[in-house]
Structure formats: C-alpha cells, structure tokens
Amino acid sequence: MLTLNQLFFSMLLPAIVCGGIYAVVVYIRAYVGEKTHLLWLTAVALGIGYIVGYLGIERKLTFLPIESRHWLFYFTLFALFSSTYWDFSGWRRLVSQLVYSVALPRILLNSYFQYTWGTFEGIIWWVCLSVGIFIFWNIVKQSFSAIPSSNTSIPFIYFGISGGTALIIALSGSVRIAQHAGTLVALFAVIWILTIVLPPNIKTDSNNNSHVFSISVSPVITFLFVGIWLNGYFYAEAPSASVLLLAVSPFLAQVGHIQTIQKLEDRKSVLIQVGLIALCVSIAVIIAVVRSGFFGGDAY
C-alpha cells in the first residue's frame with residue numbers, strides 16, 4: 001500500500017506541475033495563435049510532469065542506469081528534444097522514429113540480450129519489438145486526429161490506457177513500475193480535467209481546437225508507454241495478451257473513419273470509439289486479474 005507521501009510525490013505533485021504548464025500553454029497558443037513552433041509545448045507539460053514524478057518515485061537520479069526503469073528519465077529527455085521538430089514534415093522525423101524504434105528495445109532489454117537470449121533469438125525479439133514500436137508510434141499519431149470533434153476524448157483515452165497499465169502491472173507484482181504508470185494516470189487526468197473546465201473563449205476560432213494533442217506529443221507518449229510496458233512484461237511478468245491489448249487499443253479510434261459510423265452524430269461516434277477502446281482495456285485488465293490468481297486456484 002502506497003503512503004500519502006508516495007502518492008503526493010508520484011501523482012499529485014506531477015499533476016500540479018503538468019496542469020500548471022499545460023494551462024499556460026493553452027492560453028499562449030490561444031492568444032498568440034496556433035504557431036507550429038509552439039505546438040511542442042504541450043509535450044513539455046507531459047514530459048516535465050513525468051520527470052517530477054520519476055524523481056518522486058526513485059528519489060534520486062541514476063546517471064549510469066542500473067535497472068531498465070532508470071532509462072525512463074533519459075527517454076523522456078530524448079522525447080522532449082524530438083518533440084521540438086516533430087511537427088515539421090520531412091526525413092528527419094522518419095529517420096528519428098526508425099532509430100528510436102530500433103534503439104529502445106536494445107537499451108531497455110540489455111540484460112536479456114546479454115544473459116538470456118542467444119544470438120538468433122535476440123535478433124528475432126529485436127526485430128519484432130522494433131517493428132511493434134514503430135507501428136504503435138504511428139497508431140498514437142493517428143489517434144490524435146481520429147476524434148477531432150471532442151476536446152476531452154484524446155486525453156481521456158490515454159488516461160484510461162495508463163490506468164489499465166498501472167493496474168495490470170501492479171497485479172503482476174511490481175509496485176514500483178506500476179507507480180511510473182500511475183504518474184501517467186495523474187498527468188492525463190489533469191489534462192483531461194483542464195480540457196473540460198478551461199473557458200471556451202480561449203480558442204482562437206471556431207475551427208481551431210487548442211486542447212487537442214499535436215503529433216509533437218507522440219514521442220513522449222510512445223517512449224513512456226513503451227518503456228513501462230517493456231519493463232512490465234519482461235521484468236514484472238505482466239501478461240503478454242494484456243500488454244498487446246493495451247498497445248493496440250488506441251487503434252480502435254480509427255473506427256470513426258468507417259462510413260457507417262461517420263453517418264452518426266458526433267457524440268454517438270465518439271461514444272463508440274471511446275467505448276471500444278475502454279472495452280479493449282477492460283479485457284486486458286480482466287486477463288491480468290485472472291492471471292494473478294485473484295479468483296483462487298492455478299489460474300495461469
């Protein structure tokens with residue numbers, strides 16, 4: 001059971017920092033205009049919020065990472081740097097995405113490559129994980145525009161995915177890694193709440209939504225979710241089916257492009273998209289609950 005002190009430094013304080021930065025960013029973008037060079041500031045709110053939570057959980061910064069989760073701090077810094085140019089089209093973004101997709105599993109799973117997997121097995125895992133990360137990254141980017149009519153839907157979706165992640169990893173036996181996912185829960189929750197309570201007159205025009213994540217946020221979301229999921233699966237024994245369901249759940253937002261769904265009212269369309277994602281996350285959690293032996297017996 002987490003103490004109040006741990007909850008404050010891992011969730012409440014990061015949420016306060018993230019919420020404060022995000023509120024300022026929204027007002028700046030509203031009054032200055034949707035300048036491309038300002039879009040990455042939303043990534044800053046998430047990134048700085050997570051860094052505060054990381055330091056609150058780990059209590060110190062490990063300059064030479066010892067355990068896999070220690071890389072999450074440095075991944076966040078890389079993601080923040082990448083977000084500064086991610087909204088600009090061109091080869092630089094694609095090359096960065098390819099390099100990061102290949103590098104992330106090799107760095108995070110170094111102990112597996114050195115001590116557990118043979119050469120051939122390691123290559124197979126490396127290729128599969130790199131392809132999976134690249135695909136997930138694109139799913140994240142596409143999800144931002146899949147529900148354009150709703151301010152609150154996108155942060156709510158990632159709030160639910162991070163909540164499912166925290167619960168699944170906690171059920172798998174790693175409270176420490178679950179805390180890192182819990183920090184994401186707090187960050188997306190505060191952004192979701194702010195998109196509801198901030199006054200509508202901060203929008204620069206009726207067709208422009210200052211709250212919606214731009215693709216510059218995708219490096220931060222991808223790095224953190226991938227880092228936590230790989231830690232959860234390989235070092236906390238989270239069920240593979242649960243992790244896969246969490247990873248593909250944002251893709252269900254694309255059902256909004258189906259012609260039948262497009263004919264519905266915006267609210268009904270959004271409810272279907274969010275409902276399918278919630279169902280996918282719920283199934284992932286149920287699998288983890290059964291796998292944990294919560295109902296007794298040898299559930300595995």
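The values are calculated or read from the model by the stated rules, or taken from the named source; none is laboratory data. Computed from a prediction, not measured in an experiment: that's the story for all the values here. Because the Cβ atoms are built from the backbone with ideal geometry, glycine has one as well, and the counts that use them run over all protein chains shown. Accessible surface areas use protein heavy atoms only, side chains included; no ligands, DNA or RNA. Shrake-Rupley method; radii C 1.70, N 1.55, O 1.52, S 1.80 Å.
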Area accessible to solvent at residue 87, 1.4 Å probe radius, in Å²: 40 Å²
Would you mind estimating how fast the range 214-263 diffuses translationally, via Stokes-Einstein at 4 °C and 1.567 mPa s with the Kirkwood radius over Cα pairs, in µm²/s? 102 µm²/s
Could you please state, rounded to a whole Å, how far the C-alpha centre of the range 211-252 is from the C-alpha centre of the range 3-29? 21 Å
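What relative contact order, as a whole-number percentage, does the chain give when Cα pairs under 8 Å and 6 or more residues apart are counted?
25 percent
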Within the range 4-66, trypsin sites (Lys or Arg not before Pro) in DSSP loop having at most 13 other beta-carbon neighbours inside 10 Å: 35, 59, 60
What distance in nm lies between label points placed 7 Å from Cα along the C-beta direction at residue 115 and residue 244? 2.8 nm
At residue 5 and residue 290, where each label point lies 7 Å from the Cα along Cα→Cβ, what is the point-to-point distance in nanometres? 4.1 nm
Which one, 180, 257, 70, has the greatest fluctuation when you compute a Gaussian network model over the chain with C-alpha springs under 10 angstrom? 257
Kindly state, to the nearest 0.05, the FRET efficiency for residue 74 paired with residue 264, given R0 = 45 Å and r defined as their beta-carbon distance. 0.55
Specify the residue with the greatest mean-square fluctuation among 166, 30, 284, computed from a Gaussian network of the chain linking alpha-carbon atoms under 10 Å apart. 30
Dipole magnitude of the chain, debye to nearest 20 (Cβ charges: Lys/Arg +1, Asp/Glu -1, about Cα centre): 320 debye
At a probe size of 1.4 Å, how large is the accessible area of residue 283, to the nearest 10 Å²? 70 Å²
Select from the chain the helices, each a whole stretch of DSSP H, whose alpha-carbon atoms run 24 Å or more along the helix axis and whose Kyte-Doolittle mean is at least -1.0; answer none if there are none. 13-32, 41-58, 91-108, 119-146, 153-171, 175-197, 218-236, 266-291
Using a Gaussian network for the chain with springs between C-alpha atoms less than 10 Å apart, which of these wobbles most: 67, 58, 121? 121
For the range 50-144, the spread of Cα positions along each principal axis, largest first, Å: 40, 38, 21
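Percent of accessible area on the range 1-121 owned by carbon and sulfur, 1.4 Å probe? The partial results should precede the final answer.
Working: 4520 of 6400 Å².
For the range 1-121, the apolar C and S fraction of the accessible surface comes to 71 percent.
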Consider just the alpha-carbon atoms of the chain and return their Rg together with their Dmax, both in angstrom. 19.0, 60
Neighbour-limited loop hits for trypsin sites (Lys or Arg not before Pro), the range 216-300 (at most 12 other Cβ within 10 Å; DSSP other than H, G, I, E, B): 263
